[in-house]
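As structure tokens, the structure follows; a few thoughts come after it.
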Amino acid sequence: MKFIAMAIVVLVFLSGCTTLTKIEKSPSSIASNIQKGDKIKVVTNDGTAMDIKVKEMSDTSIIGESIQIKYDDIETIEKKKMDGTKTAIVGVAGYLTVVSVMVVVVVFSIF
């Protein structure tokens, strides 16, 4: 039972909460806000949405694993960021849920 409770808590922490921050689509804004290693969500002018891990930046485009997107082709761009506060809240809530269930199981097993 203890193992199951710990597994649930670990899974909750690993799920993590991310926040998407909208970036202005001007080349200067993209260059100043996006860096190598960032995870971004891009929607192109033709409506194609994709999640990209930035491998490299150039003066005119963002380069991912197997894709290069020119700044002119970007309709919207958002940067993914881990939100520690939300993750902590979800983790505590998960822990309290597991503890509550364990208490109820113990109480009902006694009676």
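None of the figures in this text is laboratory data; all of them are computed from the coordinates on show. Treat the numbers as computed from the prediction; the structure is a model and nothing was measured. FYI the Cβ positions are ideal-geometry reconstructions off the backbone, even for glycines, and counts take in every protein chain you see.
Here are some notes:
- Simple Cβ-charge dipole of segment 18-82, Lys/Arg +1 and Asp/Glu -1, about Cα centre, in debye nearest 20: 360 debye
- Interatomic Cα distance distribution for segment 18-82, bins of 10 angstrom, percent: 23, 65, 11
- Straight-line reach from Lys22: taking Cα to Cα under 30 Å and skipping same-chain neighbours fewer than 8 places apart, the lysines in range are Lys36, Lys39, Lys41, Lys53, Lys55, Lys70, Lys79, Lys80, Lys81, Lys86.
- Virtual spin-label span in nm between Ala93 and Lys53, 7 Å along Cα→Cβ: 2.8 nm
- Estimated at 0.36 nm per residue, the fully extended path between Lys70 and Thr19 surpasses their Cα-Cα distance by 15.9 nm.
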